[in-house]
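See structure below.
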Amino acid sequence: MPKEMISARQAFCIIAIFIWGSSVVIGGNSEAGHDAWITLVFGFALAVPMLLVYARIMRLYPEKNLFDIMEAILGKAGAKILIAFVSFYALHLCAIVLCNFSEFIEVVAMPETPQLPLMIIMMAVTSYLAISGVETLGRWAVVTMPVIIFVVLFTVIAALNYMDFTNILPLMGHDLPVIAGGSFKLFSFPFAELVLFLGVADAVKKQTSPYKLLLGAGAFGALVMLIVMLRNVELLGSMIFVEYFSSYIAARIISVGDFFARIEGSISMNFVISGITKITLCLFVAARGISYLFGFSGGRRITVAVAALTLALAVTLYGSVGEMFSFINVYPYYAMPFEVFIPVVIWLMAEIKTARQKKLAAGR
Amino acid sequence: MLTGIVIALFAGLVLFGYVPGRKKRRRKENIFYAAALAVSFAVLILYSLSITLPSPTKAIDGIVRMVVPIK
């Protein structure tokens, strides 16, 4: 089977939508309240060094995915432990986003519907997309990105009459530890989760600059999230801290004349689109990682089995929506090994190995 | 109702997912596939019967809070 490749544009769209993931709807639920948008700016700034590390790994091993790189550096046997960790992280994140999705639908639209059927439908769609391959995911991302942006911009323009621009004042009204804590959470969820994109980095053509790709898409994703957060703050003010799904609640305020209301449905659509992309990528990487771990011929053949495992994990994760949001406080520390330590170790070992190879080549 | 949905789902997965692809997959892949479906089926059946299952989130939460002082 010919190797699947995606264009720079497709990769850009996948990364940007992956960043939006569940954050587009969960919005700025932060103790920083009206300073949530400042935490986003700092959170992205914190993430830039990690994005540079991820890009450097891609530059050192062009057209190779994270698992190939681990095997190249540590050997097949040595890489198994790290592959197991990354695969588990991908599987867990897939389950987390699936839970975000089902809790959202239950809380805002269908409180009497059990979450399991919603999760099954979501997993059926994402499994199909994952089995179709990363090229199909890239095409999906290119088509759906303008839809997401249109909805965001439309809700901003429609909300202008309802916005209170003084809601962002006073700037830096919260203590520095609160803002730092919020920034750290946003660094971890969603920016540093881009480590999982390395699982499909072999589909990115080597002519594509990984620095431009990751930093550019990361910045674009952060910009759209900033617009979303500012919209939510201007509409909700300090209530942004109280509400679970601030984007959805903010959109409920909006109506355009007497004929256009219930715009919050478009926010749900955004969540579905970006959730599908994020879950698909996580599922794809998890299946691929497991196939490397056990020496299978490819991730596609076991995608459905991995999706079933994700479903089983998702139903056991949280007892309530409160537990789900409470885990956001713990998540940055839990994710640190996967998002920071493992990539940094891989990067350092890759640099050493490449330097040695260059020395050997020069010596000949 | 939920139990019925789970049984129907896994019947579909076995009939339309596992069985047709069995010959194309290697033996190891088939073993993993069957094991994954079995584990998922067990967990989801218990969930559908409203049996409380241990949450990995609580375990992760406990471990992280042992190491890091989080409010």
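The values are calculated or read from the model by the stated rules, or taken from the named source; none is laboratory data. From a predicted model like this one, the values you see are computed outputs, not experimental measurements. Virtual Cβ from ideal backbone geometry, glycine too; neighbours counted across all protein chains shown. Note: areas computed on protein heavy atoms with side chains; ligands, DNA, RNA excluded. Shrake-Rupley method; radii C 1.70, N 1.55, O 1.52, S 1.80 Å.
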If one compares the long axis through the Cα atoms of helix A:176-188 with the longest principal axis of the Cα atoms of chain A, the angle in degrees, nearest 10, works out at 50 degrees
By accessible area (1.4 Å), largest first, A:288, B:27 order as B:27, A:288
With Cα coordinates, the longest principal axis of chain B makes an angle with the long axis of helix B:27-48, in degrees rounded to 10, of 60 degrees
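Take peptide B:57-67, look around each residue's Cβ out to 10 angstrom, count Cβ atoms belonging to other protein chains, and average those counts.
Values: counts 16, 6, 0, 8, 8, 1, 3, 9, 3, 0, 2.
Per residue, the average neighbour count from other chains is 5.
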re region B:2-67: pairs of Cα atoms spaced beyond 19 Å account for a percent value of 50 percent
Residue by residue through region A:60-75, the couplings from Karplus 6.51 cos²θ - 1.76 cosθ + 1.60 with θ = phi - 60°, in Hz, x for Gly and Pro, are 5, 10, x, 6, 10, 8, 4, 6, 4, 5, 4, 5, 5, 7, 9, x
For B:36-47, A:70-81, ranked highest to lowest by mean beta-carbon neighbours within 10 Å, the order is B:36-47, A:70-81
Here the relative contact order (percent) of chain A, from C-alpha pairs under 8 Å and at least 6 apart, is 39 percent
Row for the protein assembly as shown, column shape: gyration tensor on C-alpha, a ≥ b ≥ c, rounded if a/c < 1.5 i.e. under 1.5, prolate if a/b over b/c, else oblate; value oblate
Calculated from DSSP helices alone, with each H run of at least 4 adding -39500 (n - 2.57) and the total divided by the residues of chain B, [θ]222 nm to the nearest 500 comes to -21500 deg cm²/dmol
Between the modelled labels at residue B:58 and residue A:125 (7 Å from Cα along Cα→Cβ) the distance in nm is 3.2 nm
Expressed as a whole-number percentage, the relative contact order of chain B with C-alpha contacts under 8 angstrom and at least six residues apart is 39 percent
Given backbone amide H placed at 1.01 Å from N, residues whose amide H is under 5 Å from that of residue A:204, ignoring those fewer than 5 places away on the same chain, are A:6
Applying a 4.7 angstrom Cβ cut-off across chain A, unpaired cysteine residues come out as A:13, A:99
Computed for region B:2-67: size of charge dipole around the Cα centre, +1 on C-beta of each Lys and Arg, -1 on C-beta of each Asp and Glu, debye to nearest 20, value 500 debye
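Given a Förster distance of 35 angstrom, what is the FRET efficiency for residue A:361 paired with residue A:48, based on the Cβ-Cβ distance and rounded to 0.05?
Working: r = 32 Å, r/R0 = 0.92.
It comes to 0.65.
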Averaged over residues of A:299-311, the number of beta carbons from other chains lying within 10 Å of each residue's Cβ is 6
Residue B:28 and residue A:326 label points (each 7 Å along its Cα→Cβ direction) are spaced in nm at 4.2 nm
At the level of C-alpha centres, the distance separating region A:285-355 and region A:59-83, in angstrom, is 15 Å
Between the Cα axis of helix A:134-159 and the main Cα principal axis of chain A, the angle (0 to 90°, nearest 10) is 20 degrees
Averaged over all viewing directions, the convex hull of the alpha carbons in region A:36-99 casts a projected area in nm² of 5.9 nm²
Between residue A:8 and residue A:175, Cβ-based FRET efficiency (R0 56 Å, step 0.05) works out to 0.85
